Amino acid sequence: MKNILLALFITCSSAYFAQQTEYNVTIGSTSRHYYVYLPVNYQASENLPVVFVLHGLGGNAAQMTFAGF
């Protein structure tokens, strides 16, 4: 139970320590939007790993943000 609570805390609190920016891309006639999160102290010269979170089953980016991603 402690591990679950710790993971939930880290997931939810990480949004408070990050910069969130929303972008849009249009391919053909379909427009999609996505979010990019960067640490608050991020420097452009710094290399960071990339994590992609894909939703499915009719979900959307806002629901993934609400879920902690």
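The values are calculated or read from the model by the stated rules, or taken from the named source; none is laboratory data. Since the structure is predicted, the reported quantities are computational estimates derived from the model, not experimental observations. A quick note on method: Cβ atoms are made from the backbone with ideal geometry, for glycine too, and the neighbour counts reach across all protein chains shown. Just so you know, the surface numbers come from the protein's heavy atoms only, side chains and all, with ligands and any DNA or RNA stripped out. Shrake-Rupley method; radii C 1.70, N 1.55, O 1.52, S 1.80 Å.
What's the ranking of 49-58, 30-39 by average number of surrounding C-beta atoms within 10 Å, highest first?
Top to bottom by mean Cβ count within 10 Å: 30-39, 49-58.
Could you compute how much accessible surface Val40 exposes when probed at 1.4 Å, giving the result in Å² to the nearest 10?
90 Å²
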